[in-house]
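The values are calculated or read from the model by the stated rules, or taken from the named source; none is laboratory data. All values reported here derive from a predicted model rather than from experimental measurement. Glycine gets a Cβ as well: all are built from the backbone with ideal geometry, and neighbour counts include every protein chain shown. These area figures cover heavy atoms from the full protein model, side chains too; ligands, DNA and RNA do not enter into them. Shrake-Rupley method; radii C 1.70, N 1.55, O 1.52, S 1.80 Å.
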Amino acid sequence: MDTYTKINQLATALEPTMIETRRDLHKHAESGWYEMRTSSIIARALADLGYEVLTGRQVCDSAYRMGLPSPNELKEHFALALSQGAVPEFMTEDIKDGFTGVIGILSCGEGPVAALRFDIDALGGVETEDTDHKPNQEKFSSVNYGIMHACGHDGHTAIGLAVAAILMEFKEVLHGTVKLIFQPAEEGVKGGKSIVEHGHLDNVDFFLSGHIYSEKDAPGYDVITGTVGPLATCKYDITYHGKASHAGTAPQLGKNALLAAVAAVQELMAIPRYPGGTSLVNVGKLISGTARNVIPDEAFMEVEVRGDSQEILEYMKENALRIIQAAAQLQDCTADIAVAGEAEPLKSDEAFAKEIAGMLEAHLPAVRVSPSFQFRNPGSEDASFMMNRVQSHGGKAVYMRFLTELKTGVHERRYDFNEAVMKKAAAIYAAAVYHLLKQEA
């Protein structure tokens, strides 16, 4: 029996464990920088397998974490995570400060370095209570109200841990190093850059990541080995500061922060679009005011801009920031601007995507491989920072799509996926690493 067949058999044998892990993580969903219980479970599993384990400040550069919760919010969640079964050994002071995420390193002597990235966070959303929703039927819907795994990252984490177990079985025939990166705060693209700036991708020769997506993207296939096109993006949290006053007796003494924000919203949505490429802007949240007879002294809004390229993104950023500041000046207010998330464009190496596809067709014939090697990917993705860093020094990188039945689109209350996709994804990742690092190569 050849190694690829054994990899496939191990992935199948690990399917019950993947399902159990995925459902446990789904039930105890944690959003970006709150993934304390999740990180402790990952760290425990990797340590038990024999990996070198990096946690806390070893994973993320503190200067590049974006969109952080407040210290009090992190402290409260630390206590909740412990009460929900977090592994005490890995619930450190770093974790309490929101330094989530884990990296497992498998060193197998001289040779190339392969890195695999798995995102681990949930996102805001109230999971449906519908009785036909499988997580409700099987009693693994989220117990953390307002947070749910509506994008499949619980599955990605379970896949990553299965890959870790499979690779450990074949470490004697590998040469080189494997880095398994379990990334926090992908939603809102808040966490990837902090891992890159810590230097973890600087010596990587091969980078692979991917996402569970709908089978409708490529009917009849299980995987697309290369994607292109997630938009570059920048997310802003804007706080306008004015001066409160009574709206009836002394409106002239007030400085209306809400009017500044409303003026900004109107002009932001009217930014002329960049010719020759996609350019997007959205104001998704606006909060202001305390009562109908009070001039609002503060307004908060969440804004994002996106572009097909870094050039287009810079155009959108420049216009957005100019408008935000000008709107403040119109009402004699000030504006605090915080970057809450960022991502770059990404493009899979087509030759590398074809190489992986050829390997799968030759050695895992049960996996149906799409002939598309540059599938157009919507949205934004902060694996882009990792891919671009690897490609910048001559390494190869791909972002794959693992195709399965989805109950709804991503980020919806009824989101769920067919768990059979996990064993296929685990086999694909493990086979790719073996192909790249096997000793006879």
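Solvent-accessible surface of region 75-205, taken per residue with a 1.4 Å probe and all protein chains present: 35 Å².
Given a 1.4 Å probe and the protein chains as shown, Asp297 ends up with an accessible area of around 70 Å². Accessible area of Glu412 (1.4 Å probe, protein heavy atoms only, ligands and nucleic acids ignored): about 90 Å².
Relative to the longest principal axis of the Cα atoms of the chain, the long axis of helix 421-437 lies at roughly 70 degrees. Selection among Gly394, Asn418, Gly358 by position relative to the dipole of region 343-432 gives Asn418 as farthest towards the positive end (Cβ unit charges, Cα centre).
Only Cα pairs under 8 Å and 6+ residues apart enter the sum, and on that basis the relative contact order of the chain stands at 23 percent. Sorting 184-197, 255-268 by average packing, meaning the other beta carbons within 10 Å per residue, from highest down gives 184-197, 255-268. Surface composition of the chain: carbon plus sulfur atoms hold 50% of the accessible area, using a 1.4 angstrom probe and ignoring ligands, DNA and RNA. Beyond 29 Å in Cα-Cα separation lie the following of the pairs Lys96/Lys424; Lys190/Lys317; Lys96/Lys438; Lys6/Lys134; Lys407/Lys438: Lys96/Lys424; Lys96/Lys438; Lys6/Lys134; Lys407/Lys438.
The label point for Lys171 and the one for Ile287, both projected 7 Å from the Cα toward the Cβ, are 4.7 nm apart. Ellipticity at 222 nm from helices only: DSSP H runs of n ≥ 4 in the chain, each -39500 (n - 2.57), divided by the residue count, give -11000 deg cm²/dmol.
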